[in-house]
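Enquirer: Below you will find the structure I want to go over with you.
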Amino acid sequence: MTKAGGTGRFINRHGELFSLALAVLAAMLLGVTAFLYHDLSSRMVSLNSGFKEDTLWAVYQVDREIRRFSHAVDAARDRPDDAAAFKTMLLRYDIVWSRIDLLTKSGYRKQFDNNPDFLNSIAMLSDSIKGSSTVLDTMARRGNATIDELELLKARFAALTVSAENLLLASNNAISSERAERREEVVAQSSLTERVVIALIGSVFALLLLLRRQIANTRKVSAQTTRIASQLEDALRGAEAGNRAKSSFLATISHEIRTPLNAIIGLSEILLEKRRLQREVQEDVHSIRRSGEMLLDILNEVLDYTSIENNALKLEEREIHLSELLDSCIDLFRSNAAKKGVELSLVSHRESADRWIVSDPTRLRQMLLNLIGNAVKFTDVGSVTVTVRLEDMEDQPAGLGIEVSDTGPGISAEGLEKLFKPFAQVDSSITRKYGGTGLGLAITKGIAEKMNGKIGAESTPGQGSTFWIRLPVKTTAMPKPGPVQEEKLARLPRLNVLLVEDNPTNRKVAASMLQQLGQNVCCAPDGEQAVRLAASNRYDLILMDMQMPVMSGIEATIAIRAGSGPNRETCILAMTANASPDDHKACLDAGMDGFESKPVRKQKLHAMLAALGDGKQTLVGDKGQMPGMLPVLQDRDRAA
Amino acid sequence: MSSLAWGQSPPLAPPGKNAALRAPTQPVLLTVSGQITRHNLGDDAAFDAAMIDSLPAHEFRTWSPWFKEPMTFRGPRLKTVLEAVGATGQTLHMVALNDYAVDVPLSDAERYEPILARRIDGKVLGVRDKGPLFLIYPFDTNPELYNEKYFGRSVWQIREIEVVE
């Protein structure tokens, strides 16, 4: 069994070689067969040639006619006066003559070419027979025969009879044996052909078997391949399902985390708004809020990364004032940099100054904050330079290039490789020193690539690093409200809005949003300034942050509502976290008209502004309308 | 095939159904017997050399198994002779001087037009030359005849033709 198996495997492995060998063998055998067949058929043809029979017959005829002549001679001798007998004898001689003549002159000679003995015998016979013609011609001329002549003829032909007979027997034997030999040759040839044909059939058969084996193998392999393919498909589906499960898990988890996280942040804000807190307690609560916000940041990072991975990132298209965006990003880190003694500067090339581009501001900001933040974070000495370049190109979107160079510790070649990969921080000591999820750069990369751009980093350890982004962006002239925008803004009235917010980032964000909505924005960094501004300018809307230094939102509202300033009746909206109905009541008591959750969302602002423009005063909350509050507002209206 | 001119003997009676056949004046070369309508010797028709020569002759050159090279055969067509004797029937029983006999279908005479050769290469045939008459088929123009069947029918030293059914 093993041996057969071994042979089988051997054949399998060298299957191709075997097939080739067999094919060659078959071809050769076919050739041999063709040749043999041709040879055989030509032999058959020569076998079939009847000449040999005729030769024998011719020899036989000679013998026969010699005998008949002899008898005629006897008859003439016995009846010397019989004219007919005489004539018959003459005739018989002529016939003998013609017979031996045929044997010597005809094509029969060819048969005896390989047999000189025969030729000699025939020649001798011919000479002997023809030699007697003189006698017979004399007798024919005379018209009769003498006894002597007859006796002479009788004697001669008696001997010739024997010769002729011997010749006949020899011919017969020769021809018979030759025939037998030929037949044997043919039989041998035929059997050789038969064997070759059998070998041919055998090899063809073997070939077929091999072919069958090959086909079976191929089928097996194909089945295997199909199986593997379907296994892979299953695995892929499983992986996809796993991925989807992961994503949906993340989404669910993030929402689950966000809710209590919002509560932590919101409640800590509320606590801070309560002025009654002691300083130390305030600081502790600040910490809680900061921690909450950091957690939220981390959560957002994770969600961003997930959405990038799942290709679910959606980009907006907005007109952005390039320098303004950059300035606002850099501003965020100025104090940090200053504290460390690191110089932070923006270099914008001539052509990028005062340009407007179309992109997603949020994501662009995200990328910039990440890069600039990293640079400032890791640089202790020297400077961080942000360079911006806008290259206009014909028929193509312009190329926006932003570089963040620092004089930090630099990154090794190994580190550069791992840089944009998620979770892998360049060196574990960084994690310990700086914290972070390790997703920042991965997200930045994801965003850049989603924008059809490229991102990269170069670094010289010990000298510093440069991170760069290149994006294709559409440039645009300073936007006059386009037809769509115009429509949108047409719905929105241009109002004078006072934005009171102490956090510079939030302030900038809210201010830019309002500007984008086509509003005239004034900013105040604290309550006191707000009151002062409100005293001299009339605003259509005041957005009041709650927790501010110097003077809180509530205090400022009361101050504005008191007196006869131009904003006594102005709509004042609190910007606060989810608060309890008590706190809401406190707002309303202070004279506020409603509240908006932080951070402010643009759609809500839009809706708010639109409603204001229509003259209606709608209560806007984080989760949409709070029907419970409507009656309160209406009451107040009526009261006013 | 070159044709050789021959001196003509006094012609036989003009062909006609009941035209008479003259009697032989020289030794008889050929006797035709059996189902014939014209006789000159009892029930048979006998031909001498002159009578044979007076019939319109035909010649052709051909290979044959009895000669080492192609020979020119000349003589009256078999069918001419049969017409001359008014032969009716299907088979010709040919007999040679040595008593060799063979049956030749009468249709051969019409189909292949063999000749009763009287001369080979211009030489008048004697018995020693396979004469006086040699039935030869035109093998060269009819290669399908070049086999034992027709060799067998190519009788030489013809003595008698018996026309039978």
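Enquirer: How would the stretch B:56-95 be classified by its alpha-carbon gyration tensor: rounded, prolate or oblate, with rounded meaning a/c under 1.5 and the a/b versus b/c comparison settling the rest?
Expert: Since a/c reaches 1.5 but b/c is at least a/b, the shape of the stretch B:56-95 is classed as oblate.
Enquirer: Percent relative contact order of the stretch A:217-302, based on C-alpha pairs within less than 8 angstrom and at least six residues apart?
Expert: Reported relative contact order: 28 percent.
Enquirer: What is the ratio of the Cα radius of gyration of the stretch A:109-232 to 2.2 N^0.38 Å, with N the residue count, to two decimals?
Expert: Normalised Cα radius of gyration, the stretch A:109-232: 2.69.
Enquirer: Points 7 angstrom from Cα along the Cβ direction at A:ASP392 and B:GLU148: gap in nanometres?
Expert: For A:ASP392 paired with B:GLU148, the spin-label model returns 11.3 nm.
Enquirer: Counting only other chains, and only Cβ atoms inside 10 Å, what mean value do you get across the residues of A:361-373?
Expert: 0
Enquirer: First check a/c for the stretch A:237-368, with a ≥ b ≥ c the square roots of the eigenvalues of its C-alpha gyration tensor; if it is under 1.5, answer rounded, and if not, answer prolate when a/b is larger than b/c or oblate otherwise.
Expert: Oblate, because a/c is 1.5 or more while a/b does not exceed b/c.
Enquirer: Under the definition of partner shielding as Cβ atoms of other protein chains within 10 Å of a residue Cβ, what is the mean value for peptide B:128-135?
Expert: Partner Cβ neighbours, averaged per residue: 3.
Enquirer: For the stretch A:505-520 and the stretch A:231-302, compute the distance between their C-alpha centroids and round to whole Å.
Expert: For the stretch A:505-520 versus the stretch A:231-302, the Cα centre distance is 26 Å.
Enquirer: Compute the separation of the alpha-carbon centres of the stretch A:536-563 and the stretch A:327-406 and state it in Å as a whole number.
Expert: If we compute the Cα centre of each part, the gap is 35 Å.
Enquirer: Turning to a different aspect of this structure: Starting from the residue with the highest accessible area, list A:GLU301, A:GLU269 in decreasing order, probe 1.4 Å.
Expert: A:GLU301, A:GLU269
Enquirer: Determine ³J(HN,Hα), in whole Hz, for all residues of the stretch A:204-210 in sequence, where each value follows from phi through the Karplus function 6.51 cos²θ - 1.76 cosθ + 1.60 and θ = phi - 60°; x replaces Gly and Pro.
Expert: 4, 4, 4, 4, 4, 4, 4
Enquirer: Can you tell me which of B:123-135, A:164-176 comes out highest on packing, and rank the rest after it, using the mean Cβ neighbours within 10 Å?
Expert: Peptide ranking by packing, descending: B:123-135, A:164-176.
Enquirer: Hey, what do the phi angles of the stretch A:364-381 turn into as Karplus ³J(HN,Hα) couplings, whole Hz, using 6.51/-1.76/1.60 and θ = phi - 60°, x for Gly and Pro?
Expert: So the J values, rounded to whole Hz, are 4, 4, 4, 4, 5, 4, 5, 5, 5, x, 4, 4, 5, 4, 8, 9, 9, 9.
Enquirer: Still on this structure, please answer the following. Once Rh is set to the Kirkwood radius over Cα pairs, what Stokes-Einstein translational diffusion coefficient, in µm²/s, holds for the stretch B:28-92 at a temperature of 4 °C and a viscosity of 1.567 mPa s?
Expert: Taking Rh from Cα pairs, D becomes 98 µm²/s.
Enquirer: Considering just Cα atoms, how many Å³ per residue does the convex hull of the stretch B:79-126 enclose?
Expert: Cα-based convex hull of the stretch B:79-126, divided per residue, equals 101 Å³.
Enquirer: What accessible surface, in Å², does a 1.4 Å probe find on B:TYR100, ignoring ligands, DNA and RNA and rounding to the nearest 10?
Expert: Its accessible surface works out to 70 Å², give or take rounding.
Enquirer: How large is the accessible surface of A:MET44 in square angstrom, using a 1.4 angstrom probe and rounding to the nearest 10?
Expert: 80 Å²
Enquirer: Given Cβ point charges of +1 (Lys, Arg) and -1 (Asp, Glu) and nothing else, what value in debye, to the nearest 20, does the dipole of chain B about its Cα centre take?
Expert: 420 debye
Enquirer: Using a 1.4 angstrom probe with every protein chain in place, what is the largest-first accessible-area order of A:ARG276, B:ARG111, A:ARG213?
Expert: Per-residue accessible area, sorted high to low, gives A:ARG276, B:ARG111, A:ARG213.
Enquirer: What percent of all Cα-Cα pairs in the stretch B:98-165 falls in each 5 Å bin, counting up from 0?
Expert: For the stretch B:98-165, the binned pair fractions read 4, 16, 27, 26, 19, 8, 0, 0 percent.
Enquirer: Hey, another quick one. Going by average Cβ neighbours within 10 Å, how do the peptides A:148-158, A:530-540 rank, with the highest at the top?
Expert: Most protected by this proxy first, the peptides run A:530-540, A:148-158.
Enquirer: Heavy atoms only, probe 1.4 angstrom, no DNA, RNA or ligands counted: give me A:CYS587, A:CYS522 ranked by accessible area, highest first.
Expert: Accessible-area ranking of A:CYS587, A:CYS522, largest first: A:CYS522, A:CYS587.
Enquirer: With runs of 4+ DSSP H residues as the only contributors, calculate the mean residue ellipticity of chain B at 222 nm using -39,500 (n - 2.57) per run, divided by the residue total and rounded to the nearest 500.
Expert: The per-residue figure over chain B is -4000 deg cm²/dmol.
Enquirer: Just read off the accessible area of A:VAL196 with the full protein assembly in place, 1.4 Å probe, to the nearest 10 Å².
Expert: 20 Å²
Enquirer: Could you give me the ³J(HN,Hα) list for the stretch A:319-336, computed from phi with Karplus coefficients 6.51, -1.76, 1.60 and θ = phi - 60°, whole Hz, x at Gly and Pro?
Expert: Taking θ as phi minus 60°, the curve returns 7, 10, 8, 4, 5, 5, 4, 5, 4, 5, 5, 5, 3, 4, 9, 4, 5, 4 Hz for the stretch A:319-336.
Enquirer: Follow-up. Within a 10 angstrom radius of each residue's Cβ in A:91-102, how many Cβ atoms of other chains show up on average? Whole number is fine.
Expert: That works out to 5 on average.
Enquirer: Determine one quarter of the surface area of the Cα convex hull of the stretch A:202-251, which equals its mean projected area, and express it in nm² to one decimal.
Expert: About 2.7 nm², averaged over all directions.
Enquirer: Okay, next question. Show the residues, 5+ positions off or on another chain, whose built amide H is closer than 5 Å to the amide H of A:SER383.
Expert: Placed amide hydrogens put A:GLU343, A:THR407 under 5 Å from A:SER383.
Enquirer: Which order, highest average first, do B:85-98, A:85-98 follow once you tally other Cβ atoms within 10 Å for each residue and take the mean per peptide?
Expert: A:85-98, B:85-98
Enquirer: Just to be sure I understand the curve: with the Debye formula and one point per C-alpha of chain B, what is log10 I(q)/I(0) at q = 0.20 Å⁻¹?
Expert: With one equal scatterer per Cα and no solvent, log10 I(q)/I(0) is -1.43.
The values are calculated or read from the model by the stated rules, or taken from the named source; none is laboratory data. The model shown is predicted, which means the values in this text are computed figures rather than measured ones. Every residue, glycine as well, gets a Cβ built from its backbone with ideal geometry; the counts of neighbours run over all protein chains shown. These area figures cover heavy atoms from the full protein model, side chains too; ligands, DNA and RNA do not enter into them. Shrake-Rupley method; radii C 1.70, N 1.55, O 1.52, S 1.80 Å.
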